[in-house]
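Remarks on the structure that follows.
The values are calculated or read from the model by the stated rules, or taken from the named source; none is laboratory data. Every value quoted in this text rests on a predicted model; they were computed, and no experiment measured them. FYI the Cβ positions are ideal-geometry reconstructions off the backbone, even for glycines, and counts take in every protein chain you see. Heavy atoms of the whole protein, side chains included, go into the accessibility calculation; ligands, DNA and RNA do not. Shrake-Rupley method; radii C 1.70, N 1.55, O 1.52, S 1.80 Å.
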Amino acid sequence: MAPLCASADLLPMQPRIVPGAEGTLILLRLPEGHLVGYRNACPHMGIELDWEAHRLLSRDGRWLKCTGHGALFRPEDGVCLAGPCKGDALTPVPLREVNGTVMADG
Ligand code: FES
């Protein structure tokens, strides 16, 4: 397991980008407290979701958004609900919180 960041640094619906073993990762705490992680690579063209600006959420704050062509992803499972890769999904990264630290699990 590799440490990624402090648990306290992940506030609900405020995604963070951290270095991973292969590129960067998106870490996101959902409103009910569950933590999700995804590879920061859009299924449309493989680029980082925030390549144009350091923003990862839609204007209303409900969806993860790719700045490439505007694809919107459901935070809970990374499935693309709108945009050029509709029906595809972000690649999940299993996470675990241990003693106040978020770890990549695997
Ligand atoms: S690269 Fe993400 S929507 Fe096109």
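In the chain, Cα pairs under 8 Å separated by at least six residues give a relative contact order of 26 percent. Give the calculated FRET efficiency between Trp51 and Glu76 to the nearest 0.05, with a Förster radius of 30 Å applied to their Cβ-Cβ distance. Result of the calculation: an efficiency of 0.80. Stretched out straight at 0.36 nm per residue, the stretch from Glu22 to Ser58 would grow longer than its current Cα-Cα span by 10.4 nm. For region 2-104, with all protein chains in place and a probe radius of 1.4 Å, 52% of the accessible heavy-atom surface sits on carbon or sulfur. Computed with a 1.4 Å probe on the full set of protein chains, the accessible area for Thr24 sits at about 40 Å². Using a probe of 1.4 angstrom and keeping all protein chains present, the accessible surface of the chain works out to 56 square angstrom per residue. Could you pull out the longest piece of the chain with no exposed loop trypsin sites (Lys or Arg not before Pro) in it, calling a site exposed if DSSP puts it outside H, G, I, E, B and it has at most 14 other Cβ atoms within 10 Å? Maximal segment without exposed cleavage sites: 1-54.
Here, the chain is characterised by an Rg to Rh ratio of 0.94, where Rg is the alpha-carbon radius of gyration and Rh the Kirkwood radius.
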